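The values are calculated or read from the model by the stated rules, or taken from the named source; none is laboratory data. Since the model is a prediction, treat every value here as computed from it, not as a measurement. A quick note on method: Cβ atoms are made from the backbone with ideal geometry, for glycine too, and the neighbour counts reach across all protein chains shown. When the accessible area is computed, the model is the full protein with side chains, heavy atoms only, and any ligands, DNA or RNA have been set aside. Shrake-Rupley method; radii C 1.70, N 1.55, O 1.52, S 1.80 Å.
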Amino acid sequence: MSIAKNRYWILRHGKSIPNERGIIVSSMENGTRPEFQLAPDGVHQAQLAAQLFQKELEAKNIPLADVRICYSPFSRTIHTANLVASFLNLPFDGPPCKVIEDLRERYFGPSYELLSHDKYEEIWDIDGKDPLVGPGGGESVKDVAGRLASAMTTIESEFEGCAILVVSHGDPLQILQAIMHAANEHKEPTYNDLASILMEVQVAPVLSQHRKYALQTGELRVLI
């Protein structure tokens with residue numbers, strides 16, 4: 001028996017202008033700026049992901065009426081989700097598509113914002129040592145896991161029997177996979193609702209492993 005009422009796919013946004021420039025753009029203020037949307041390569045990646053998603057829907061006989069796209073409010077994720085919706089002929093401003101703020105990028109803090117991507121190694125080193133502690137002024141893995149669990153609870157409360165495409169970012173999608181896989185293997189009979197199970201699995205041994213679920217830009221993957 002599935003722990004969720006819906007089927008889920010995840011999609012990391014296509015290659016963005018910040019990816020191309022090699023800079024970290026993780027605050028809401030910067031992430032929502034229009035100049036930080038997809039680069040031309042990223043547009044192509046999003047279109048390819050849309051085609052792949054459509055093929056998976058067809059293979060599973062899932063009608064487009066049952067498809068929902070939930071996405072982060074950052075420019076690069078809006079751009080990606082909009083391209084997928086357009087390819088599938090879903091109205092981006094209509095009920096099938098929903099922006100969820102809790103799907104936003106992990107905020108890495110003021111000491112990393114707009115600096116080189118090379119700094120990610122320092123952050124992931126902190127994560128490996130203690131995922132409950134974040135970089136100075138930024139979010140820890142646990143902080144992000146908490147709001148992703150909230151996002152999943154919101155989606156589960158609003159939709160049932162749908163195919164949900166979650167369009168988000170590298171770190172959040174790694175962390176989401178870590179907690180969802182742990183939840184799927186969770187055999188604790190005390191809980192049978194997803195929110196309680198997701199609360200239970202937000203522990204250091206699970207959260208510190210998030211890097212093994214890394215996605216390339218524009219990569220589509222089945223979640224559950």
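Applying the set (1) open to solvent by 10 Å² or more (accessible area, probe 1.4 Å); (2) not in a loop (DSSP other than H, G, I, E, B) to Gly94 leaves exactly one unmet item: (2). Considering Leu90, Leu57, the condition of being touching a strand residue (DSSP E or B) at 6+ places or on another chain (Cβ under 9 Å), of a type in the set (A, V, I, L, M, F, W, C) and within 16 Å of Leu11 (Cα to Cα) is satisfied by Leu57 alone. Selection within the range 135-164: residues that are aliphatic (A, V, I, L, M) and assigned to a helix (DSSP H, G or I). The member of this set that is farthest from Leu57 (Cα to Cα) is Val141.
This table checks each residue for (1) open to solvent by 40 Å² or more (accessible area, probe 1.4 Å); (2) more than 12 Å from the chain's Cα centre (by Cα); (3) closer than 30 Å to Gln51 by Cα.
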position: Cys162; (1), (2), (3): no, yes, yes
position: Val166; (1), (2), (3): no, no, yes
position: Asp171; (1), (2), (3): no, no, yes
position: Ile175; (1), (2), (3): no, no, yes
position: Met199; (1), (2), (3): yes, yes, no
position: Val203; (1), (2), (3): yes, yes, no
position: Lys212; (1), (2), (3): yes, yes, yes
position: Thr217; (1), (2), (3): no, no, yes
position: Leu220; (1), (2), (3): no, no, yes
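Every condition in (1) at pLDDT 95 or above; (2) loosely packed, with under 15 Cβ neighbours inside 10 Å; (3) out of contact with any Leu (no Cβ under 7 Å at 6 or more places or on another chain) is met by Leu64 except one, and the failing one is (3).
Considering every residue within the range 4-21, establish whether at least one is in contact with a strand residue (DSSP E or B) (Cβ under 7 Å, 6 or more places away or on another chain), surrounded by fewer than 17 Cβ atoms within 10 Å (Cβ to Cβ) and either of a type outside the set (S, T, N, Q) or modelled with pLDDT of 95 or more (or both). Checked against the condition, which is being in contact with a strand residue (DSSP E or B) (Cβ under 7 Å, 6 or more places away or on another chain), surrounded by fewer than 17 Cβ atoms within 10 Å (Cβ to Cβ) and either of a type outside the set (S, T, N, Q) or modelled with pLDDT of 95 or more (or both), the range 4-21 yields no hits at all.
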